[in-house]
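Step one of this worksheet: look at the structure below.
The values are calculated or read from the model by the stated rules, or taken from the named source; none is laboratory data. These numbers were taken from a predicted model, which means no experiment stands behind them. Heads up, the Cβs are rebuilt from the backbone with ideal geometry, glycines too, and the neighbour counts pull from every protein chain shown. For the accessible areas, the whole protein counts, side chains as well, though only heavy atoms, and no ligand, DNA or RNA atoms are used. Shrake-Rupley method; radii C 1.70, N 1.55, O 1.52, S 1.80 Å.
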Amino acid sequence: MIKRIGDLFALSTDSASCCFKILPTGQLEHLFYGKRINFGDDGRLLDLFAQDCKGAAGGSIAYDDASKFSLDGMSLESSGRGKGDAREPFVEVENADGSMTTDFVFESADVDSCPAEMRTLPSSRGCREHLCVTLKDKNFSHILRLHWNVYPECDVITRRAEFTNGSGASVRLRRLMSAQIDFEGDGFVAGDFSGSWAHEMNLNFTPLASGRHVVESSCGVSSSSANPFVMLGRGGVSQDSGECWGFNLVYSGNHYECFDVESGGRLRFVNGINPKEFSFSLAPGETFESPESVASYSDNGWNRLSRNLHRFARLHIARGEWSDRERPILLNSWEAAYFDIDQMKLLSLAEKAAAAGVELFVVDDGWFKGRTDDTRALGDWDADEGKFPGGLAPFVEKIKSLGMKAGLWVEPEMVSAESELFKAHGDWALDIPGKGHSEGRRQRMLDLANPSVQDFIIEKMSEVFSQADISYVKWDMNRAMSDVYSRSLSRDRQGEAAHRHTMGFYRVAKALVEKFPHILFEGCASGGNRFDLGALCVFPQIWASDCTDALRRVSIQEGYSYGYPQSAFSAHVSASPNHQTGRASPLETRFNVACFASFGYEMDLRAAGKGDLEKIKRQISFYKKWRGLFQFGQLRRSRCGDLVEWTVASEDSRRAAAIVFRARGGDDLPLARLFPRGLDPSLVYSVGVVDSGGERALGKAGGDALMAIGARIEPGLLRGDLSSAMFLLEAEDGE
Ligand code: DGJ
């Protein structure tokens, strides 16, 4: 709900509210973002909470002679430079005269039910409540439009901004954030997700006491070192209680999130495009739009926050035929054979997969001409006829005759220096002319800021996806940016290169996913190096990590689960010992962990023993029955000592599945219990356990008792290292 009551703007979702008002001097004073408030019809109550605008104390700057207050002491909706607010700014612009001061004041406001699509970037869809406030710069007539989208059922409010050069001369935009939110009080803790290749999404909590806590990426992608999803908690927030906020960005390029704590007990949060190494030149009348920023609030702890964001990502970010469809069980050739593939080998693997019940067979890297290892051939997207006689079409038909669909790996944004494409178009690579280049995975990035390069990729990939009956595409991207320079931009516009590259990626990916609507696209960037809401606007799922080790996957997938739904990340059962860590783990545990995602296998089934193949067959038929719940169910995390528990429950709470995972085994588990969440307290559930023998009934209990007292876990189930147990709960029909 969006209400305007005089100078007050009040935005409410089912459980949260956010409000601000126009100050007599024209700035927007931020009043509150938290638990839902009843604003009534006159909003008078809020007078009590508005800030004291009088008196610029000590050395602070008075905004103007008439009002004599300082912007530095205020909570604001957007801040500039040069008028007294020294905290993280929202907008920075270098005017034609070299000055950088901005002074934006209220001009007008519009509420409507259908926000216009963004022109240059992907954004949320399906909004029915939208507010746009227009501010005007007093000195240069620049226009700043602030947009809010309200998604009541997800408890999500999004923000974004547009800057229009209103002066008569060109200006250089130095920063345009997406959101600014000022909080009052103390005791805040920031939650963010750091990592690296094969170690994605490690959750860190940092108490915010003073100074700036920054999360950012500057390597051209959202990056596994700092996911753009961050959280804020107050006091002793836990999984199921306490106040917390989550913030994300619908953007896949260089991003910036900053918690700026002022000594006076004020906290400012901003997020947006990373202003470092960024600038954008705008001629008079030209407009720049910042990515959409997503915010959610929960007063029921992190689990509730995650469920808000899961629902939002499923309903308002994911698009296309696959956004809400159950995902097929696939077998991927990468960890089964790496580059050592050919038709014969893959068909013998495919026969095993089909016999086990796999639905989709994916040919990973190595299928195109000259691609014998990772040093060559990216860009030369024609099938290697030595490996696939007659090309991919006959091979795909054979896969289909086994009862499976076929999928293919590509890495469209790259070129190898050793390739025909590079010989013909060396100038399409992103590098500084005449200077040495720092390679990543021995390959170059194509310059996606260049429209000719974008057109080439769209055309070439259209051919690749049409050469055979392809049902799935894994879209990989295996290096970060270095030596950033686009030959398609003039010298003074190189600060635009990284952002224009990101816009180019969206143009290319969107054109292809829309041209091939039946294909299920899976994003990948050396695992999770581009895992964000922008990528999820084009790809319904993303390969979570190149690490398939069960122990590490527990923490990686749990990390993702804070901000992203299970359907958005994929997980595969791989060989033991694991290829990345060398760690051995039971097949049951590898399966149980991978279940809580878009699921598949990535191992040489020809090398699996008869016993394991039988188990895999049973796993697949079990997953087919329950996958809707695993991929789209409402997730809750909990931890008891070293036991990790994840539960997924159906929307109506009648079905649930839970896994309990134990990293280090032993016989000291007398009190281990399963505490399922999300059940209906008034219903009776039959509880079963799934083990290698199939499903086994354990007994019946009320939902209230199960959630309060828990169900005892037989000690034998969790004895070994990396052991786990999967439980199923189904409500009995009422008497
Ligand atoms: C990196 C990906 O993350 C892997 O899964 C695999 O597809 C390789 N690239 C192939 O080169």
Review point. Near residue 345, which lysines are there with a Cα under 25 Å away, not counting those fewer than 8 places off in the same chain?
Key: 369, 387, 398, 400, 405, 474, 610, 615, 617
**Study point:** 3J(HN,Hα) from dihedral phi, segment 704-710, Karplus parametrisation 6.51/-1.76/1.60, rounded to Hz, x for glycine, proline
**Key:** 4, 5, 4, 6, 8, 9, x
Point to revise | Kirkwood-type radius of segment 165-240, with distances r between different C-alpha atoms, in Å | key: 15.2 Å
Study note, to complete from the structure: Expected field for residue 334, accessible surface area in Å² at 1.4 Å probe radius, rounded to 10, holds 50 Å²
Point to revise | Nearest 10 degrees, 0 to 90: helix 451-466 Cα axis against the chain principal axis | key: 30 degrees
**Study point:** Charge-dipole axis of segment 156-235 as Lys and Arg at +1 and Asp and Glu at -1 on Cβ define it, positive-most pick from 179, 195, 233
**Key:** 179
Study note, to complete from the structure: With every protein chain in place, the accessible area of residue 71 for a 1.4 Å probe, in Å² rounded to the nearest 10, comes to 10 Å²
**Study point:** Amide H contacts under 5 Å for residue 685, placed H, 5+ residues apart
**Key:** 701, 702, 703, 732
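What whole-number value in Å² describes the accessible area per residue of segment 389-450 for a 1.4 Å probe?
41 Å²
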Review point. Mind listing P(r) for the chain? All alpha-carbon pairs, 20 Å bins, whole percents.
Key: 17, 47, 30, 6, 0
**Study point:** Estimated dipole of segment 528-593 in Debye, rounded to 20 [Cβ of Lys and Arg +1, of Asp and Glu -1, Cα centre]
**Key:** 80 debye
Revision key, fill the gap. Rounded to the nearest 5, the percent of antiparallel DSSP beta bridges in the chain equals 80 percent
Exercise for review: Whenever you get a sec, line up 327, 304, 4 from highest to lowest accessible area (probe 1.4 Å, protein heavy atoms).
Suggested key: 4, 304, 327
Review point. Going by the alpha-carbon gyration tensor, a ≥ b ≥ c the square roots of its eigenvalues, is segment 183-279 rounded (a/c under 1.5) or, if a/c is not under 1.5, prolate (a/b greater than b/c) versus oblate?
Key: oblate
Exercise for review: Mind listing the long-range amide H neighbours of residue 31? Cut-off is under 5 Å, sequence gap 5 or more, other chains count too, H placed in the peptide plane at 1.01 Å from N.
Suggested key: 19, 20, 21
Study note, to complete from the structure: One can check that the equivalent ellipsoid of segment 423-549, built from the alpha-carbon gyration tensor with semi-axes equal to the square roots of five times its eigenvalues, has lengths in Å, largest first, of 26, 18, 14
Study note, to complete from the structure: Relative contact order in percent for the chain (Cα pairs under 8 Å, 6+ apart) equals 10 percent
Review point. How long is segment 577-625 along each principal axis, judged by its Cα atoms, biggest number first, in Å?
Key: 32, 25, 15
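Kindly provide the helix-only [θ] at 222 nm of the chain, computed as the sum of -39,500 (n - 2.57) over DSSP H runs of four or more divided by all residues, to the nearest 500 deg cm²/dmol?
-6000 deg cm²/dmol
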Practice item. Mind checking which lysines have their Cα closer than 24 Å to the Cα of residue 21? Skip sequence neighbours fewer than 8 apart in that chain. Key: 3, 35, 54, 68, 83, 136, 138
Revision key, fill the gap. Residue by residue through segment 190-205, the couplings from Karplus 6.51 cos²θ - 1.76 cosθ + 1.60 with θ = phi - 60°, in Hz, x for Gly and Pro, are 8, x, 9, 10, 9, x, 7, 4, 6, 9, 6, 6, 7, 7, 10, 10
Practice item. At q = 0.12, 0.14, 0.19 Å⁻¹, what is the base-10 log of I(q)/I(0) for segment 619-727 according to the Debye formula with one equal point scatterer per Cα and no solvent? Please give it to two decimals. Key: -0.39, -0.53, -1.01
Practice item. At 1.4 Å probe size, with every protein chain present, just tell me what the per residue accessible area of segment 105-196 comes to in Å². Key: 35 Å²
Point to revise | Net +/- balance of residues flanking residue 347 in space, Cβ distance below 14 Å, scoring K and R +1, D and E -1 | key: +2
Practice item. Percent of Cα-Cα pairs per 10 Å bin, from 0 to the last occupied bin, for segment 1-134, please list those. Key: 10, 34, 35, 17, 3
Review point. Carbon and sulfur: what percent of segment 455-585's accessible surface (1.4 Å probe)?
Key: 49 percent
**Study point:** Per-residue HN-Hα couplings for segment 504-511 [Karplus 6.51, -1.76, 1.60; θ = phi - 60°; Hz; x = Gly/Pro]
**Key:** x, 4, 5, 4, 5, 5, 5, 4
